[in-house]
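Worksheet: one structure, shown below.
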Amino acid sequence: MIALDDLVDHHCHGVVPGDLDRRGFEALFSEARLPHAPGFSQFDKPLGLMIRRHCAPVLDLEPHAEPEAYVARRRALGAEEVGRRLLRGAGLSAMLIDTGHRSDAILGVEAMGRLAATAAWEVVRIEAVMEAAARAGGDAASLLDRFAATLDADAAGAVGLKSIVSYRAAFDLDPSRPSRHDAQRATEDWLRANEAGGWRRLESPVLLRWGLWQGLDICASRKLPLQLHVGFGDRDIVMHRCDPTVFTAFIEAAEEAGVAICLLHCYPFEREAAWMAEVFSNVYYDVGATLNYTGASARRVMADALEMGPFTKQLFSSDAFGLPELYYLGRLQFERTLGAILDDWIAAGDCTARDAERIAAMIAGGNARRIYPIPACA
């Protein structure tokens, strides 16, 4: 079994601060947009089994506690105590938190650091900054200027930027840098649509590209990594258009600019991500939330991730959102799957115990510390 003395969760989110009933709890470990049919429970899937088996004892329940008992125990302890037990039980050295998704419903960076008793740093989501700029009012030109200034200012206190372009327009869009003229026209169209039919989230391919290239410029100047959401996630993605190999033209531009690109969770493209890490000097990747959602079968995902990619290019993340259980299981699944594979390699004579320790240390935290500007004391 590997020892993880330094575990940097390079991609995660805040947790919900309030108590949850069963419906609210189950909604936070589902990627579906709408509730399933009556009689279906989110507990009846691999992640549900993981929660009942591994999180229940942390809350003083027997392993495999029934769902009703589990939710009742959460409410009896209270959200803060549940969060404290599970987050601190994850034993993280640092959390790099994406603050751009449902930020009004979850704890912020400082509060997460206190609850987990660890260092916490912000990763700024590019699209959220542009949407905030639009809500502030003004014409198209002022919006673009406000966005650029705000993104640069926010980046000054952050450890990285993130884009969800694969969610909003997929990777098969034109990857070239749009002109200011085209960006302003697209902004005018977006603002008119908002005025006519109520608020619409940022989905214009031209504006998504504009934001992405602005982010790349800032990352290059400030020596920050740029995270890209890949594959697995909410229902609104078009999965076959989220293959990161389609985005190689932009990856090449980032490589020329000296910007590290971090591909997040990657399922079902973990093999493609590993290949990209092999052939591009600036590509890093993780399998994040995939390990939680695949439950007892997660070892196969980790094996795919380790199949080709350099050990110096792999990262740990939980991609936890909303529930502290996802942080706790993120560590457990990473430790179990990576440890089991490395143990097999040692037993087969394919690496030494010392090699395995070094590989685990790199993926757990060493690689993240090399590419993110995390203070050494964190």
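The values are calculated or read from the model by the stated rules, or taken from the named source; none is laboratory data. In this text, all values refer to a predicted model and were calculated from it rather than measured experimentally. FYI the Cβ positions are ideal-geometry reconstructions off the backbone, even for glycines, and counts take in every protein chain you see. Heads up: the accessible areas ignore ligands, DNA and RNA and are worked out on the full protein's heavy atoms, side chains in. Shrake-Rupley method; radii C 1.70, N 1.55, O 1.52, S 1.80 Å.
Figures for the structure shown
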quantity: Net dipole in debye of segment 1-60 [+1 Lys, Arg Cβ; -1 Asp, Glu Cβ; about Cα centre; nearest 20]; calculated: 360 debye
quantity: Mean Cβ neighbour count within 10 Å, used as a protection proxy, ranking 151-157, 123-129 highest first; calculated: 123-129, 151-157
quantity: Estimated FRET transfer efficiency (Glu256, Arg33; beta-carbon r; R0 56 Å; 0.05); calculated: 0.90
quantity: Accessible-area value, Val259, 1.4 Å probe, nucleic acids and ligands omitted, Å²; calculated: 0 Å²
quantity: Size of charge dipole - the chain - debye, nearest 20, with Cβ of Lys, Arg +1 and Asp, Glu -1, no other charges; calculated: 480 debye
quantity: Set of lysines with alpha-carbon distance to Lys162 below 22 Å, sequence-local pairs under 8 removed; calculated: Lys223, Lys313
quantity: Summed residue charge, Cβ within 15 Å of Leu228's Cβ, Lys/Arg positive, Asp/Glu negative; calculated: -4
quantity: The chain: most fluctuating residue of Ala356, Ala289, Ala347 per GNM, C-alpha cutoff 10 Å; calculated: Ala347
quantity: Separation of alpha-carbon centers, segment 67-98 and segment 126-169, rounded to whole Å; calculated: 32 Å
quantity: Within the accessible area of the chain (1.4 Å probe), percent carbon and sulfur; calculated: 50 percent
quantity: Mean Cα-pair separation over length for segment 106-191, i.e. relative contact order, pairs under 8 Å, 6 or more apart, %; calculated: 35 percent
quantity: Nearest 10 degrees, 0 to 90: helix 270-279 Cα axis against the chain principal axis; calculated: 60 degrees
quantity: Sorted peptide list for 20-33, 70-83, criterion being average Cβ within 10 angstrom, highest first; calculated: 70-83, 20-33
quantity: Charge dipole (the chain, unit charges on Cβ, about Cα centre) - positive-most of His229, Gly18, Ser297; calculated: Gly18
quantity: Accessible area per residue in Å² at 1.4 Å probe, computed on segment 47-106; calculated: 43 Å²
quantity: With Cα atoms, 0 to 90° folded angle of helix 126-135 axis to the chain main axis; calculated: 50 degrees
quantity: DSSP-loop trypsin sites (Lys or Arg not before Pro) across segment 167-274, with at most 15 other Cβ within 10 angstrom; calculated: Arg200, Arg201, Lys223, Arg235
quantity: Sum of side-chain charges, Ser281 neighbourhood, beta-carbon under 12 Å (Lys, Arg +1; Asp, Glu -1); calculated: -3
quantity: Residue among Phe311, Phe40, Phe250 with the largest mean-square fluctuation in a Gaussian network model of the chain, springs linking Cα atoms under 10 Å; calculated: Phe40
quantity: Correct option for Cα extents along the principal axes in Å [calculated from the coordinates] among (1) 74, 52, 37; (2) 60, 48, 40; (3) 80, 41, 35; calculated: (2)
